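Each value in this text was obtained by applying a stated rule to the coordinates, not by laboratory testing. For clarity, every value in this text was computed on a predicted model and none was experimentally measured. All Cβ positions, glycine included, derive from the backbone under ideal geometry; neighbour counts span all protein chains shown.
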Amino acid sequence: MSNTVASFIRAKHIDSFQKLCFLLFLHQHPELTGTSRAFAELLYLGDVRLLEEIITDLQMVGLVVCVENRCKLHDEPDIRSHLEYLARAFEDPLTRQEILDQIGYSVSLGH
């Protein structure tokens, strides 16, 4: 994983699988706006309260903007380019595992 991606993850406090998935989804749909309830129903990442926390966290680090309870990805070239690096890195299975390790996500394959 590149230092750029690792630094971005740390600097923007991308510290959960749900937050990462939500951010990558917004990157794929930069024109999409919605409420926390709409995103919770659309993405199945957790309940509305969890999505509200994720949105608040991402808003505090400047990745998401909200106006009248409708939120979307912050439209800034620097953010778009960093998310593009992150999305490309996440496509590679080995790098994806490094990213998941960095955010503390582990999968248990119980037998």
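When only the Cβ of Lys, Arg, Asp and Glu is charged (+1, +1, -1, -1), the dipole of the chain relative to its Cα centre reaches about 60 debye. Taking 4.7 Å between C-beta atoms as the pairing limit, the chain has these partnerless cysteines: C21. A protection proxy built from the mean count of other Cβ atoms within 10 Å ranks the segments 1-11, 48-58, most packed first, as 48-58, 1-11. Rounded, prolate or oblate: which fits the range 34-87 when a ≥ b ≥ c are the square roots of the eigenvalues of the alpha-carbon gyration tensor, with rounded for a/c under 1.5 and prolate only if a/b beats b/c? The shape class here is prolate.
Between L94 and H29, what FRET efficiency comes out of the Förster formula 1/(1 + (r/R0)^6) with R0 = 30 Å and r the beta carbon distance, rounded to 0.05?
After rounding, the FRET efficiency stands at 0.70.
Could you compute the FRET efficiency for E76 and D47, with r as their C-beta to C-beta distance and R0 at 30 Å, rounded to 0.05? Computed FRET efficiency for E76 and D47: 0.55. In percent, rounded to a whole number, the relative contact order of the range 3-94 is 33, using alpha-carbon pairs under 8 Å and six or more apart.
In order along the range 68-84, the Karplus-derived 3J(HN,Hα) couplings, from 6.51 cos²θ - 1.76 cosθ + 1.60 at θ = phi - 60°, round to 6, 6, 10, 10, 7, 5, 5, 8, 9, x, 5, 5, 4, 5, 5, 5, 5 Hz, and Gly and Pro are given as x. What is the calculated FRET efficiency for V65 to H13, with r their C-beta to C-beta distance and R₀ = 25 Å, to the nearest 0.05? Result of the calculation: an efficiency of 0.90. Amide H contacts under 5 Å for C71: G34, T35, restricted to partners 5 or more places along the chain or on a different chain, H placed in the peptide plane at 1.01 Å from N. Roughly how far apart, in whole Å, are the Cα centres of the range 53-103 and the range 12-27? The range 53-103 and the range 12-27 have Cα centres spaced 5 Å from each other. Based on DSSP H segments of at least four residues, each scored -39500 (n - 2.57), the chain has a per-residue ellipticity at 222 nm of -18500 deg cm²/dmol. Amide H to amide H, with H built 1.01 Å from N, V64 comes under 5 Å of Q59, H74, counting only residues 5 or more places away or on other chains.
Label the chain by shape, choosing from rounded, prolate and oblate, from the square roots a ≥ b ≥ c of the eigenvalues of the Cα gyration tensor; if a/c is under 1.5 it is rounded, and otherwise prolate applies when a/b is larger than b/c, oblate when it is not.
oblate
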